[in-house]
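One structure is given here, and the rest of the page talks about it.
The values are calculated or read from the model by the stated rules, or taken from the named source; none is laboratory data. As the structure is a prediction and not an experimental result, all values here were calculated from the model. Glycine gets a Cβ as well: all are built from the backbone with ideal geometry, and neighbour counts include every protein chain shown. These area figures cover heavy atoms from the full protein model, side chains too; ligands, DNA and RNA do not enter into them. Shrake-Rupley method; radii C 1.70, N 1.55, O 1.52, S 1.80 Å.
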Amino acid sequence: MCFSATASFSASAALLGIGAVTLHKARQPRERPFAAIPLLFGIQQLTEGVLWLGFGWDTPALNAVLTQLYSFFSHVLWPAYVPLAAWALEPRGPRRHALTLISAGGIAVGAYLLYNMFANPILARPVGNHIDYDSPHFYAAVVMTLYLTATTGSMLLSSRRVMKLFGALALAGALVAWWFYARWFISVWCFFAAGLSLVIWLHFAARNAALVEIRS
């Protein structure tokens, strides 16, 4: 999480445990990308926890690696991964065709931001009780629009109610994070989204419990 190393490690431990259980509950291969989201957030939060510790170790090389690793999740993985996870669960039809286009846009945004990570490496520094990720790039408005479309719009477009719920909550979290924590938006919104991934665990847990009850 973005407030302290202890908070990051606590969030990571919870998400890694919940993510492993959620992934195990996925019955079909096409469910696994969606089910893996809490686990991936757990790894991302673990990375930020170690980064917090690194600020006190005076290890600039390690901090640079951890910053780029965290930023790979936030900038590259999520805009490409989330719409593909929605696409995998969507039956054939107009929604899936639209998700194909959104996935292409998400991959393009992720590729552009990955290029910028090499051209202008992201810098991270503690400011107050947050980590400030300095991520300079051009076309910020266009990139943010495409990024939000990929990470939240794809979920809202899905025919699955759990995905619609996750997308709506993630979009609301983005608005709150921008309004109250604009300077630390990347870190704060990733924390909000990580917490919201509990919705995914609840979905699989409730569904499997219902199946067990039906069979009994």
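General observations
- Residues in the range 121-147 that are touching an Asp or Glu at 6+ places or on another chain (Cβ under 9 Å) and surrounded by fewer than 16 Cβ atoms within 10 Å (Cβ to Cβ): LEU123, ARG125, PRO126.
- Failed criterion for GLY54 (all others in (1) in contact (Cβ under 8 Å) with a residue 40 or more places away in the chain; (2) of a type in the set (Gly, Ala, Ser); (3) crowded, with 20+ Cβ neighbours inside 10 Å; (4) more than 19 Å from THR22 (Cα to Cα) hold): (1)
- Residue identified as loosely packed, with under 15 Cβ neighbours inside 10 Å, of a type in the set (A, V, I, L, M) and within 17 Å of VAL82 (Cα to Cα) among ALA150, ALA104: ALA104
- Residue count, the range 156-170 (criterion: hydrophobic (A, V, I, L, M, F, W, C) and surrounded by fewer than 16 Cβ atoms within 10 Å (Cβ to Cβ)): 1
- Residue in the range 173-183 that is over 27 Å from TRP52 (Cβ atoms) and either at pLDDT 80 or above or open to solvent by 30 Å² or more (accessible area, probe 1.4 Å) (or both) present: no
- Cβ pairs under 8 Å, 6+ apart, first in the range 88-108 and of a type in the set (A, V, I, L, M), second not in a helix (DSSP H, G or I): LEU89/SER158; LEU89/ARG160; LEU99/GLU90; LEU99/SER158
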